[in-house]
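Below is one structure, written out as structure tokens; comments come after it.
Derivation of every value follows stated rules applied to the coordinates shown; laboratory data play no part. Please read these numbers as outputs of a predicted model, since none were measured by experiment. As a convention, Cβ positions derive from the backbone with ideal geometry for all residues, glycine included, and neighbour counts pool all protein chains shown.
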Amino acid sequence: MKKKMLPVLCALLLISTAALAILWRQEAARNADNLNRLWLAAATSGETVITEYRQNGEEPPPCQVISELRVMGDACHLSKSAGSDCIDLNAVYGILSLYPERFPEVTDDLLLVFQTASQEGLDGPNWPLRISELRNTLECRS
């Protein structure tokens, strides 16, 4: 009796494993879409804040813009494409968090980063270059 049940149990195990794999891939695809949406929302928000304050002749609030960098860094870190780009993004966030007085010096560069990131999305090829340039600029001015 035990030998007759073994093939049935193996077949059930194989079917359940295949079903789990399919569900796992679907969930991973949804998470990637959610992370990309989070990325785009943060980039667009950062761009909007800088642009609107400048249109009114005011300096954008560093805390609000820097917090958008943090959200973008988290989305980058959680995505499967996390790498040196994520490290550069978190470095820029860290430098501006520690030294918010440097924010007015790099507002134009930050606006360019936000614009590029909101146009390309999380997997874009150009925003990592912009964020790397911004990191180098901030580190050289130390």
Counting Lys and Arg as +1 and Asp and Glu as -1, each charge on the Cβ, what is the dipole of the chain about the Cα centre in debye, to the nearest 20?
1420
So the compactness index of the chain, its C-alpha Rg divided by 2.2 N^0.38 Å, takes the value 1.52
Nearest-0.05 FRET efficiency for Gln26 and Ser97, computed from C-beta distance (R0 41 Å)
0.65
Summing +1 for each Lys or Arg and -1 for each Asp or Glu, what net charge is found among the other residues whose Cβ lies under 14 Å from the Cβ of Glu139?
-1
Going by average Cβ neighbours within 10 Å, how do the peptides 49-61, 118-130, 65-77 rank, with the highest at the top?
65-77, 118-130, 49-61
Figure the gain on full extension for Arg141 and Asp123 (residue separation times 0.36 nm, minus the Cα-Cα span) and round it to one decimal in nm.
3.6 nm
